[in-house]
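*Asks:* Below are the structure tokens for one structure; questions will follow.
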Amino acid sequence: MQSMKPHAVLLASPGMGHLIPVLELGKRLVSHHGFNVTIFVVTTDTSVSQSQLQNLSQTSNLIEVVLLPPVDISGQVDQTTSILSQIAMMMREALPSLRSAILAMKIPPIALIVDMFGTEAFAIADEFMMLKYVFITSNAWFLALTVYAPTLDKEVEDDLVYNQKPLLIPGCKPICFVDSFEPIRRPNNQVYKQDYLRMGTKISTADGILVNTFYELESQTLAALNDKIKLGMVANAPVYPIGPLVRPVDSGVRSEVLTWLDMQPKESIIYVSFGSGGTLSAKQSIELAWGLEKSQQRFIWVVRPPVENDSAATVLKTSNGCHDSPSYLPDGFLNRTSKNGLVVPIWAPQAEILSHPSIGGFLSHCGWNSSLESIVNGVPMIVWPLFAEQKMNATMLTEHIGVATRSKLLPSQDVIERSEIDAMVRMIMVDKAGEAIRARVKMLKSCAEKALSKDGSSYSSLAKVAKDCEINLQRQNAKTGA
Ligand code: UDP
């Protein structure tokens, strides 16, 4: 017997970039659509620090956040195992504890909502007669590629990989070879590719696909996904744009960075950050430092020790910790820029920083959460993609949406030079050439607000999902005579 309120279980895969939007979705289901929500979080002991998680879950006392027992995949991975495959393995390992947790609930929940990595849990949803949804924490263009990829025949794949032709997806903007998602670009890593294709196939078996985007941002792709003679044929489930769901500003957060920002002129600061785990090489870190210094713009830079040949080196290893004064920056950099710049080791309160009126630009690895956080605050971007689907995001933000600029670096070059960094920073912050970008992102900021407000496009999309859950709940209650 179900209670009168629909109860949804959400499953978040490891990594802050996945957990943050899942928590926000949970909060919206509770506060706007009358749900009870339980969020299960898959962790390894290093994937999410306890204090970060506590801070995040405290933001709503209406949601139960449960850490599943940590999973250990150390025996299954080696240096070549991609992050995507590692997350897929962790999710698989966590299935028995998820099943026990649902089994232990007095009343089975009405819906299971998993992120892209959690679709293997659909079997559990079937067992307990729950509706099953996927929440794509990236954008609709990436979803389009993911559901379309399993249908590619050998010829198209060869054209893409060996002849480097753009990939045409029905009704969507084509994807250039260099931008395409890594498992497709590097078919030699079969495990990686198979894990990705399996996710694409499974996503299409959901009762609905929720995406962290909004109609005004990706109208063409969303129309194609919901069109039965275009991508709807493979997506095979209704697609609901429900975003942008981003972590709200916590007005209780106080930090040295925010105090410093309070003293700076309006829109004068460029914020530089590569997400929860992105890293640069030593050479690139030095060029970036010189580029920022040359631009003479004020900045906040979240720094991490350099890592060679692996821009995702610290993904899944998020820490709160500080490290000593960053010795890898050019000699005297910190002294010379001490009036104009602030260097923050490892982690900064990004949501609070981006919403501060002194911020005028964001140099970002363009993870999707960071991209949305920039848009909702009307902050123009310099996109600097590192891994995962970030190259697609960069192209979308620059060419389709027009809220960013990026380096003209050729794939054969590996370091963006200081002169180009200097030019990009000035372009986005002050030059006349950046005016259209600055105006466009402010316009999209208000579209985002409208989409989420009552009866806006994203609000209505989630209301449809909620309605389906309620109907199902009533049906089940009728069956059991509740
Ligand atoms: N974040 C933060 N402080 C940092 C770095 C990241 O608060 O120093 C947050 C950021 O606001 C965003 C998330 O972590 O919500 C990063 O997600 P994104 O999708 O941008 O990138 P990922 O970390 O998954 O590569």
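The values are calculated or read from the model by the stated rules, or taken from the named source; none is laboratory data. Please read all numbers here as calculations on a predicted model, not as lab measurements. Note: ideal-geometry Cβ built from the backbone for every residue, glycine included; neighbour counts use all protein chains shown. These area figures cover heavy atoms from the full protein model, side chains too; ligands, DNA and RNA do not enter into them. Shrake-Rupley method; radii C 1.70, N 1.55, O 1.52, S 1.80 Å.
*Asks:* Counting only other residues whose beta carbon sits under 15 Å from that of residue 20, what net charge do I get with K and R as +1, D and E as -1?
*Replies:* With Lys, Arg at +1 and Asp, Glu at -1, the net is -2.
*Asks:* Per residue, how large is the accessible surface of the chain? Use a 1.4 angstrom probe and give square angstrom.
*Replies:* Value returned for the chain: 42 Å² of accessible area per residue.
*Asks:* Still on this structure: Mind listing the long-range amide H neighbours of residue 128? Cut-off is under 5 Å, sequence gap 5 or more, other chains count too, H placed in the peptide plane at 1.01 Å from N.
*Replies:* For residue 128, whose amide H was placed from the backbone, there are no distant partners under 5 Å.
*Asks:* Assuming R0 = 51 Å, what is the FRET efficiency of residue 128 and residue 262, from their Cβ-Cβ distance, to the nearest 0.05?
*Replies:* Efficiency, from the Cβ-Cβ distance: 0.50.
*Asks:* In addition: Skipping prolines and chain starts, which residues have an amide H placed within reach, meaning under 5 Å, of the one on residue 341, given they are 5 or more residues away or on another chain?
*Replies:* 299
*Asks:* A follow-up question, please. Of 439, 394, 429, which is farthest along the charge dipole of the range 388-440 in the positive direction, counting Lys and Arg as +1 and Asp and Glu as -1 at C-beta?
*Replies:* Comparing the listed Cα positions along the dipole, 439 ranks first.
*Asks:* Also: Would you mind getting me the FRET efficiency between residue 249 and residue 335? Use the beta-carbon distance for r and R0 = 30 Å, nearest 0.05.
*Replies:* Result of the calculation: an efficiency of 0.40.
*Asks:* With labels modelled as points extended 7 Å from the Cα through the Cβ direction, what inter-label distance (nm, one decimal) is found for residue 328 paired with residue 164?
*Replies:* According to this spin-label approximation, the distance is 2.8 nm.
*Asks:* While we're looking at this one, here's another question. In square nanometres and to one decimal, what's the mean projected area of the convex hull around the Cα atoms of the range 128-200?
*Replies:* Result: a mean projected hull area of 6.0 nm².
*Asks:* Can you list the HN-Hα couplings for the range 347-357, worked out from phi with the Karplus curve (6.51, -1.76, 1.60; θ = phi - 60°), rounded to whole Hz and with x for Gly and Pro?
*Replies:* Coupling constants for the range 347-357: 8, 9, x, 5, 4, 5, 5, 5, 8, 6, x Hz.
*Asks:* How far apart, in nanometres, would the label points at residue 178 and residue 220 be if each is projected 7 angstrom from Cα along the Cα-to-Cβ direction?
*Replies:* With each label point 7 Å from Cα toward Cβ, the separation is 2.0 nm.
*Asks:* How high is the FRET efficiency from residue 310 to residue 399, r the C-beta distance, R0 35 Å, rounded to 0.05?
*Replies:* 0.80
*Asks:* A follow-up question, please. Decide, for the range 173-218, between rounded, prolate and oblate: order the square roots of the alpha carbon gyration tensor eigenvalues as a ≥ b ≥ c, take rounded if a/c falls under 1.5, and otherwise choose prolate if a/b is larger than b/c, else oblate.
*Replies:* Since a/c reaches 1.5 but b/c is at least a/b, the shape of the range 173-218 is classed as oblate.
*Asks:* Let me check something: with ligands and nucleic acids excluded, how do 27, 450, 442 order by accessible area (1.4 Å probe), largest to smallest?
*Replies:* My answer, sorted largest first, is 450, 442, 27.
*Asks:* Each residue of the range 440-456 in turn: what ³J(HN,Hα) in whole Hz from Karplus with 6.51, -1.76, 1.60 and θ = phi - 60°, glycine and Pro shown as x?
*Replies:* Taking θ as phi minus 60°, the curve returns 5, 5, 5, 5, 5, 4, 6, 4, 5, 4, 5, 4, 8, 6, 3, 6, x Hz for the range 440-456.
*Asks:* How large are Rg and Dmax for the range 386-464 when calculated on the C-alpha trace, in angstrom?
*Replies:* Cα-based Rg and Dmax for the range 386-464 come out at 16.5, 50 Å.
*Asks:* Residues with beta-carbon under 10 Å from that of residue 351, excluding residue 351: net charge, scoring Lys, Arg +1 and Asp, Glu -1?
*Replies:* Local net charge: -2.
*Asks:* For residue 205 and residue 294, calculate 0.36 nm times their separation in residues minus their Cα-Cα distance, and state this gained length in nm to one decimal.
*Replies:* The span from residue 205 to residue 294 would gain 26.8 nm if fully extended.
*Asks:* With a 1.4 Å probe and every protein chain kept in, tell me what percent of the accessible surface of the chain is carbon plus sulfur.
*Replies:* Carbon and sulfur: 53 percent of the exposed surface of the chain.
*Asks:* When the Kirkwood hydrodynamic radius is evaluated over all pairs of different C-alpha atoms of the range 351-423, what value in angstrom, to one decimal, is obtained?
*Replies:* Result for the range 351-423 stands at 12.7 Å.
*Asks:* Report the full-extension gain for the segment residue 198 to residue 475: residue separation times 0.36 nm, less the Cα-Cα distance, to one decimal in nm.
*Replies:* Residue separation times 0.36 nm, minus the Cα-Cα distance, leaves 96.5 nm.
*Asks:* A further question follows. log10 I(q)/I(0), Debye, Cα-only the range 151-262, no solvent, q = 0.12, 0.23 Å⁻¹?
*Replies:* -0.59, -1.39
*Asks:* While we're here: Tell me, what ³J(HN,Hα) does each residue in the range 284-294 have, in order and in whole Hz, if you take phi through Karplus 6.51 cos²θ - 1.76 cosθ + 1.60 with θ = phi - 60° and put x for Gly and Pro?
*Replies:* So the J values, rounded to whole Hz, are 5, 4, 5, 4, 5, 4, 4, x, 5, 5, 4.
*Asks:* In addition: Given the Cα atoms of the chain, and with Rh set as the inverse mean 1/r over their pairs in the Kirkwood sense, what is Rg to Rh to two decimals?
*Replies:* With Rh from the inverse mean 1/r over Cα pairs, Rg/Rh is 0.96.
*Asks:* Right, next: Please list, in chain and number order, the residues 5+ apart from residue 240 or on another chain whose amide H is under 5 Å from its amide H, with Hs placed from the backbone.
*Replies:* 209, 210, 211
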